[in-house]
Amino acid sequence: MTETAAPRLRIGDVTVTKVVEAVVHPEAESLLPGSSNDYVRASREWLAPHFIDATDRLVISIHSFLIEADGRRFVVDTGVGWDLPDGFKHLATPGEKYLRDLDSAGFAPNSVDFVICTHLHVDHVGWNTRQQGEEWVPTFPNARYVLADDAVSAWRRSGGSGAHSHGNDRTVEPLLAAGVVDRITPDHVLTPSVRLVSTPGHTPGHISIEISSGDQRGLITGDASHHPVQWSQPHWASKADLDPEESTRTRRRLLDELVDTDTLILGTHYGGPVAGRLVTTPAGVRFVTAD
Ligand SMILES: [Zn+2]
């Protein structure tokens with residue numbers, strides 16, 4: 001079997017690589033409850049082949065973005081991990097393939113300076129830790145883990161029962177106990193090219209990552225957007241959005257800011273290449289791949 005190299009692109013002097021852990025294929029109406037399968041089918045021209053499959057189901061990728069910027073190395077979101085709670089086990093990739101793929105992309109765990117979690121849902125924190133004997137230890141031993149203060153507080157308040165945050169006792173609490181977490185508030189500048197911005201609605205304290213270098217810009221969405229079709233229908237919230245009205249306001253704000261600009265959109269659950277741009281056409285807004 002031939003291994004395909006992980007897709008990679010540059011934003012000025014910054015390099016971003018996408019390492020995919022898993023891909024799932026839900027129907028539009030199941031992931032985005034207010035949506036229409038018929039609309040998605042009629043949008044094949046711009047959604048296929050990367051964003052819908054041959055049967056018009058959505059392509060939803062679970063991946064990490066690896067960033068090299070300002071001499072530092074960042075992992076954004078850490079997938080579902082290896083020991084999932086019941087109900088999520090179908091998402092797991094057996095074994096440690098994900099870590100081998102990071103290694104092949106040049107990101108050995110001990111070389112990573114920062115791990116950023118856009119939020120604390122199960123498909124974004126999985127490889128934060130791994131099991132060593134009875135203990136859960138940081139997978140990235142030399143990294144600071146960057147989490148939104150509001151996200152950590154909400155997890156703590158939930159008493160371990162936060163929707164879609166199952167497993168945080170293994171993927172988040174051990175990091176807090178080890179003292180390796182930086183609890184930030186947006187707008188937080190990590191390095192000159194990497195800034196964390198507030199994109200609320202999906203979860204309390206949800207953050208996106210803004211990359212800027214020279215005259216080039218990019219935005220890693222996190223779950224402010226799950227699928228490119230939402231740029232054409234921003235009111236189609238995800239069933240996992242805890243506050244769908246606020247997530248819709250966030251998508252509309254991003255759309256206003258980013259449409260018909262050169263800013264690259266890096267979708268945290270988008271299939272296909274690393275990034276795309278938002279372009280107005282006579283038929284509406286389209287997401288056009290850039291690499
Ligand atoms: Zn997600």
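The values are calculated or read from the model by the stated rules, or taken from the named source; none is laboratory data. All of these numbers come straight from a predicted model, not from anything done at the bench. All Cβ positions, glycine included, derive from the backbone under ideal geometry; neighbour counts span all protein chains shown. Each accessible area value is taken on the protein alone, full model and side chains, heavy atoms only, with ligands, DNA and RNA left out. Shrake-Rupley method; radii C 1.70, N 1.55, O 1.52, S 1.80 Å.
A few comments on the model shown:
- Scanning the stretch 47-59 for residues that are closer than 25 Å to Cys117 by Cα and open to solvent by less than 10 Å² (accessible area, probe 1.4 Å) returns Phe51, Leu58.
- The set of residues in the stretch 207-222 that are within 16 Å of the chain's Cα centre (by Cα) and closer than 25 Å to Thr281 by Cα comprises Gly218, Leu219, Ile220, Thr221.
- Taken over the stretch 113-163, residues that are under 14 Å from Glu173 (Cβ atoms), under 19 Å from the mean Cα position of the chain (by Cα) and among the charged types (D, E, K, R) amount to 0.
- Residue in the stretch 178-193 that is farthest from Ala143 (Cα to Cα), counting only those that are of a type outside the set (Lys, Arg) and open to solvent by 80 Å² or more (accessible area, probe 1.4 Å): Asp187
- Taken over the stretch 74-90, the residue count meeting the criterion of being modelled with pLDDT of 70 or more, within 14 Å of the ligand (Cβ to nearest atom) and open to solvent by 10 Å² or more (accessible area, probe 1.4 Å) is 0.
Quick grid of which residues meet (1) closer than 30 Å to Arg100 by Cα; (2) in contact with a strand residue (DSSP E or B) (Cβ under 6 Å, 6 or more places away or on another chain):
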residue: Ala22; (1), (2): yes, yes
residue: Ser30; (1), (2): no, no
residue: Tyr39; (1), (2): no, no
residue: Ala42; (1), (2): no, no
residue: Ala48; (1), (2): yes, no
residue: Arg57; (1), (2): yes, no
residue: Ile62; (1), (2): yes, yes
residue: Ala69; (1), (2): yes, yes
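- Once the stretch 242-262 is narrowed to residues that are closer than 22 Å to Gly201 by Cα and β-branched (Val, Ile, Thr), the residue that is farthest from the ligand (Cβ to nearest atom) is Val259.
- Residue check, Arg277 of a type outside the set (Asp, Glu) and part of a strand (DSSP E or B): yes
- Just one of the listed residues (Ser208, Ser213) is open to solvent by 10 Å² or more (accessible area, probe 1.4 Å), in contact (Cβ under 8 Å) with a residue 24 or more places away in the chain and hydroxyl-bearing (Ser, Thr, Tyr), namely Ser213.
- Scanning the stretch 15-33 for residues that are touching a residue at least 60 places away in the same chain (Cβ under 8 Å) and more than 18 Å from the chain's Cα centre (by Cα) returns Ala28, Ser30, Pro33.
- When we screen Leu175, Leu196 for residues that are assigned to a helix (DSSP H, G or I), away from the ligand (no atom under 16 Å from the Cβ) and open to solvent by less than 20 Å² (accessible area, probe 1.4 Å), the only hit is Leu175.
So that you can scan it fast, the table gives a plain yes or no per residue for (1) assigned to a helix (DSSP H, G or I); (2) closer than 22 Å to Phe287 by Cα:
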site	(1), (2)
Thr17	no, yes
Val23	no, yes
Glu29	yes, yes
Ser64	no, yes
Val75	no, no
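- Every pair of residues 6+ apart whose Cβ atoms lie under 8 Å, when the first sits in the stretch 238-259 and is over 24 Å from Thr289 (Cα atoms) while the second is among the polar types (S, T, N, Q) and surrounded by fewer than 20 Cβ atoms within 10 Å (Cβ to Cβ): Lys239/Ser30
- Only a single item in (1) crowded, with 19+ Cβ neighbours inside 10 Å; (2) more than 16 Å from the ligand (Cβ to nearest atom); (3) under 27 Å from Leu31 (Cβ atoms) is not met by Phe140, and it is number (3).
- Test set (1) within 16 Å of Gly81 (Cβ to Cβ); (2) touching a residue at least 24 places away in the same chain (Cβ under 8 Å) - Gln132 fails condition number: (2)
- Residue count for the stretch 215-241, restricted to those that are more than 13 Å from the ligand (Cβ to nearest atom) and assigned to a strand (DSSP E or B): 4
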